[in-house]
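Reviewing the structure listed below.
The values are calculated or read from the model by the stated rules, or taken from the named source; none is laboratory data. These figures come from a predicted structure and were not determined experimentally. Please note: Cβ atoms are built from the backbone with ideal geometry, for glycine as well, and neighbour counts cover all protein chains shown. Accessible surface areas use protein heavy atoms only, side chains included; no ligands, DNA or RNA. Shrake-Rupley method; radii C 1.70, N 1.55, O 1.52, S 1.80 Å.
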Amino acid sequence: MSDTPATAATATPFSIATWNVNSLKVRLPHLLEWLAEASPTLVCLQETKLEDHAFPTAEIKAAGYQVAFSGQKTYNGVAIVSRLPLTDVVMGNPRFDDPQKRLISATVAGPDGDVRVVGAYFPNGQEVGSDKYAYKLQWLAALHDWLAGELAAHPRLALCGDYNIAPADEDVHDPAAWAGQILCSEPERQAFRDLVGLGLVDAYRLFPQAERSFSWWDYRNLGFQKNLGLRIDHVLLSAPLAERCTAARIERHLRKKERPSDHAPVIATLS
DNA sequence: ATGCCTTCGCCTCGAAGA
C-alpha cells in the first residue's frame, strides 16, 4: 500500500517530447493520433511550414492541448503544444536577429516546480564551408550565449528540438562515410558539446539504448527500411530535470506510417 | 551519380532538406 494520493498515483507522468513534422499541414493527422496514443505532456514541433494565421489551433485544442507557435511560409516554423498552460512565451533569440522562425520558449508547471522549455529548429547548414554553414555556426554561438543566461534565470530548463547535429559516431549509421560532413563536422559537434557544457544532459543517453538508434532517416534509398539514419533530434535537460528523468525513447513506429515525416519523435519522461 | 524522396511555391520544375 502507498500513502500517495490516488490522483497522483494515477496521473500520467510528465513527459517532454520533440518532433520535426516536416509540414504540420500534411502531418496534423499523425500528430493528433500520436497525442492520443502517447499522451505527452508537452511537444516541441519543428518545420511546421505554416504562417501563424494557418496554424491548426482549433484541432489541437480539441485534442486537449494548448498551443504557442511562430511560423512562416514554406520553411522553418516552430511550436509548443502542451496539456498544461504555457506562460511567458518568447519567440526567437533576443541576441540574434533572425527572420527565420527557429526558436520558441515557454514555461509550464512541472512535477517539482516550473519548467522552462526551449523548442529549437537548428539550421541544417547544407554543406560544410557554405554560407548556410557559416550561418549555422553563428546561430549556434548565439544560442549558446543566450542560453547561458536563460539557464541562470531558469535552472529547470529543457532544450528540445531538431539539432541537425549527430553528436557522436554512434549516432550515425555510417560514421566513415559521414566523417567531416554536414551534421557530423567537428565544429558542429563542438557546438553541441558547448551546449552540454552549460550544464545540460542528453536525456536519451541517460539510459541503455539499442545500437544504431536514430531519429531521422532519408526518404530516399529505403533509408528507414535499411535503418540508414542519424540521431539528430534531442531532448537536453538541465541537472535538476535530468535527476528526475526516468526514461527516454525514440518513437520509431511513427516513421512506418503512411506518408510519414522523415523524423521520429523523441520523448523523455520525468518522475 | 549533378540521381534516389518529399515539401512548397510556382505554375509541372527548382530549391531545400539532411
Test residue A:141 against the stated conditions and say whether it is over 30 Å from residue A:111 (Cβ atoms), open to solvent by 10 Å² or more (accessible area, probe 1.4 Å) and either among the polar types (S, T, N, Q) or touching an Asp or Glu at 6+ places or on another chain (Cβ under 9 Å) (or both). yes
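Condition test on residue A:120, is it within 16 Å of DNA strand B (Cβ to nearest atom) and out of contact with any strand residue (DSSP E or B) (no Cβ under 6 Å at 6 or more places or on another chain)? Even if it seems obvious, please write down each step before you answer.
Working: within 16 Å of DNA strand B (Cβ to nearest atom): yes; out of contact with any strand residue (DSSP E or B) (no Cβ under 6 Å at 6 or more places or on another chain): no.
Answer is no for this residue.
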If a residue must be open to solvent by less than 10 Å² (accessible area, probe 1.4 Å) and charged (D, E, K, R), how many such residues does the range A:219-271 contain? 2
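Test of understanding: among A:90, A:108, A:78, A:67, which residue is more than 16 Å from DNA strand B (Cβ to nearest atom), in contact with a Leu (Cβ under 9 Å, 6 or more places away or on another chain) and open to solvent by less than 20 Å² (accessible area, probe 1.4 Å)? Let's see the steps before the verdict.
On the way: A:90 fails: open to solvent by less than 20 Å² (accessible area, probe 1.4 Å); A:78 fails: more than 16 Å from DNA strand B (Cβ to nearest atom); A:67 fails: open to solvent by less than 20 Å² (accessible area, probe 1.4 Å).
Of the residues listed, the single one that is more than 16 Å from DNA strand B (Cβ to nearest atom), in contact with a Leu (Cβ under 9 Å, 6 or more places away or on another chain) and open to solvent by less than 20 Å² (accessible area, probe 1.4 Å) is A:108.
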Of the residues that make up the range A:210-231, is at least one away from DNA strand B (no atom under 11 Å from the Cβ) and within 20 Å of residue A:80 (Cα to Cα)? no
When only residues in the range A:112-137 that are touching a residue at least 24 places away in the same chain (Cβ under 8 Å) and in a helix (DSSP H, G or I) count, which is most open to solvent (accessible area, probe 1.4 Å)? A:137
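Does residue A:95 meet the test of being under 30 Å from residue A:125 (Cβ atoms) and open to solvent by 70 Å² or more (accessible area, probe 1.4 Å)? It would help to see each step written out before you state the result.
Values: under 30 Å from residue A:125 (Cβ atoms): yes; open to solvent by 70 Å² or more (accessible area, probe 1.4 Å): yes.
Here the answer is yes, as residue A:95 does meet what is asked.
Considering only the range A:140-154, how many residues are under 17 Å from the mean Cα position of the chain (by Cα) and within 16 Å of residue A:186 (Cα to Cα)?
Going through the range A:140-154, the residues under 17 Å from the mean Cα position of the chain (by Cα) turn out to be A:140, A:143-144, A:147.
With within 16 Å of residue A:186 (Cα to Cα) added as a condition, the list becomes A:140.
Number of matching residues: 1.
Could you list, in sequence order, the residues of the range A:49-63 that are closer than 13 Å to residue A:30 by Cβ and among the β-branched types (Val, Ile, Thr)? Quick ask: steps written out before the conclusion?
Applying the first criterion (closer than 13 Å to residue A:30 by Cβ) to the range A:49-63 yields A:56, A:59-60, A:63.
The one that is closer than 13 Å to residue A:30 by Cβ and among the β-branched types (Val, Ile, Thr): A:60.
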Given (1) of a type in the set (Val, Ile, Thr); (2) farther than 24 Å from residue A:243 by Cα; (3) in contact with a helix residue (DSSP H, G or I) (Cβ under 6 Å, 6 or more places away or on another chain); (4) free of Cβ contacts under 8 Å to residues at least 60 places away in the same chain, index of the condition residue A:182 fails: (3)
Any chance residue A:4 is surrounded by 11 or more Cβ atoms within 10 Å (Cβ to Cβ), modelled with pLDDT under 95 and more than 15 Å from DNA strand B (Cβ to nearest atom): no
When both residues are 6+ apart or on different chains and their Cβ atoms are under 7 Å apart, which pairs have a first residue that lies in the range A:260-271 and is over 15 Å from residue A:110 (Cα atoms) and in a loop (DSSP other than H, G, I, E, B), and a second that is hydrophobic (A, V, I, L, M, F, W, C) and more than 12 Å from DNA strand B (Cβ to nearest atom)? A:260/A:254; A:264/A:250; A:264/A:254; A:265/A:17; A:265/A:34; A:265/A:254
Could you check residue A:53 against (1) free of Cβ contacts under 8 Å to residues at least 24 places away in the same chain; (2) surrounded by 17 or more Cβ atoms within 10 Å (Cβ to Cβ); (3) more than 18 Å from the chain's Cα centre (by Cα) and say which number it fails? (2)
